[in-house]
Amino acid sequence: MDSEEMYIAALKEKACELVETAMRNAQDSLRSLHTGQGEERVKEQECDAKNIPWLSCQDFTVELGKKQIEEYVSTWEFHESWLYCTDFLREEETEFSKLFHYRMRWSVPTCRKPIPRATACIYFTVKISKIKPPTLPVEVFFVFESNRLVHRPGETRFREKWLKDIIESKLIMINSITF
C-alpha cells in the first residue's frame, strides 16, 4: 500500500467516525426531547413567540380582523414611544381562499418632531379558506416592509430592532438626496 492509499484509507476512517458521532449526537438530542429533558428549551421558545386565539373563518369581518391584528401586536414587547395605526388595504379573491390585506404603519413621534421623517410598515394578510371547514381559525401572516421573510403569529418573536432598521435605512436614503 503506497502513502496515497494509506492517506485515503485514514481519511475514510475519520469520515466514518465523524458521521457516527453526528448520528449519535442527533439520536441523543431526540431522545432527550422525548424524555422531557429538552422540554424546557421548547417551552422557553414557545414563550418567546406569543400568539392569540384567532377568529374562525365564519366569524371574520374586516373590522374584527383589524382588532385581532392589534390585539396580537399588543403581545409584542416594544417601547411605549412607538405609535402605530392599522389600515385595511384590500380584499383579494383567489381560487381557494380570500385574502384580506392590512398595513400597520409605525413611527416614533417626539415633541420636537411630532411628524416623523420616516415610518416603518408591517403588512398583515388574513387568509380565509374556501375549502376548509368554516369553523377553523383564519390564517395570518405578516411581512416587514423591505423584507421578504414571511412571519406567522406564534412562530416569530417580534424584535423592535426590525422597525428601527427600516426607519434608519429610510433616513440614510433621505439624507443622501440633495436637491
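Mind listing whichever residues of the range 81-91 are under 26 Å from LYS164 (Cα atoms) and either surrounded by 11 or more Cβ atoms within 10 Å (Cβ to Cβ) or within 22 Å of the chain's Cα centre (by Cα) (or both)? Matches in the range 81-91: TRP82, LEU83, TYR84, CYS85, THR86, ASP87, PHE88, LEU89.
Scoring GLU80 on the criteria (1) at pLDDT below 95; (2) more than 21 Å from ILE174 (Cβ to Cβ); (3) touching a Lys or Arg at 6+ places or on another chain (Cβ under 9 Å) leaves a single failure, condition (3). Of everything listed in (1) in contact with a helix residue (DSSP H, G or I) (Cβ under 8 Å, 6 or more places away or on another chain); (2) under 19 Å from ILE52 (Cα atoms); (3) surrounded by 13 or more Cβ atoms within 10 Å (Cβ to Cβ); (4) of a type outside the set (Lys, Arg), the single unmet condition for THR119 is (2).
Pairs linking a residue in the range 157-179 that is in contact (Cβ under 8 Å) with a residue 40 or more places away in the chain to a residue that is assigned to a helix (DSSP H, G or I) and surrounded by 13 or more Cβ atoms within 10 Å (Cβ to Cβ), with Cβ atoms under 9 Å and 6 or more positions apart or on different chains, are PHE158/VAL73. Mind checking which residues of the range 65-77 are surrounded by 14 or more Cβ atoms within 10 Å (Cβ to Cβ) and not charged (D, E, K, R)? Result: GLY65, GLN68, ILE69, TYR72, VAL73. Close contacts from the range 118-138, counting a first residue that is within 18 Å of GLU63 (Cα to Cα) and a second that is in a loop (DSSP other than H, G, I, E, B) and open to solvent by 20 Å² or more (accessible area, probe 1.4 Å), with Cβ to Cβ under 6 Å and a gap of 6+ residues or different chains, come to ILE128/PHE60; PRO137/TRP54; VAL138/TRP54; VAL138/LEU55; VAL138/PHE60. Looking only at the range 59-102, which residues are assigned to a loop (DSSP other than H, G, I, E, B) and touching a residue at least 40 places away in the same chain (Cβ under 8 Å)? Correct list: PHE60, TRP76, GLU77, PHE78, HIS79, TRP82. Selection of the range 92-116 for residues being under 30 Å from CYS57 (Cβ atoms) and either of a type in the set (D, E, K, R) or open to solvent by 50 Å² or more (accessible area, probe 1.4 Å) (or both) yields GLU92, GLU93, GLU95, PHE96, LYS98, ARG103, ARG105. Of everything in the range 147-179 that is aromatic (Phe, Trp, Tyr) and open to solvent by 60 Å² or more (accessible area, probe 1.4 Å), the residue that is modelled with the highest pLDDT is TRP162.
Suppose the filter is in contact with a Pro (Cβ under 7 Å, 6 or more places away or on another chain) and either surrounded by 11 or more Cβ atoms within 10 Å (Cβ to Cβ) or modelled with pLDDT of 95 or more (or both); does PRO134 pass it? It is false that PRO134 is in contact with a Pro (Cβ under 7 Å, 6 or more places away or on another chain) and either surrounded by 11 or more Cβ atoms within 10 Å (Cβ to Cβ) or modelled with pLDDT of 95 or more (or both). Just one of the listed residues (GLN27, GLN37) is at pLDDT below 70, open to solvent by 70 Å² or more (accessible area, probe 1.4 Å) and touching a Lys or Arg at 6+ places or on another chain (Cβ under 9 Å), namely GLN37.
The values are calculated or read from the model by the stated rules, or taken from the named source; none is laboratory data. What you see is a predicted model, and the numbers here were worked out from it, not measured in a lab. Positions of Cβ are backbone-derived with ideal geometry, glycine not excepted, and every protein chain shown enters the neighbour counts. Quick note on the areas: whole protein, heavy atoms, side chains included, nothing else; ligands and nucleic acids left out. Shrake-Rupley method; radii C 1.70, N 1.55, O 1.52, S 1.80 Å.
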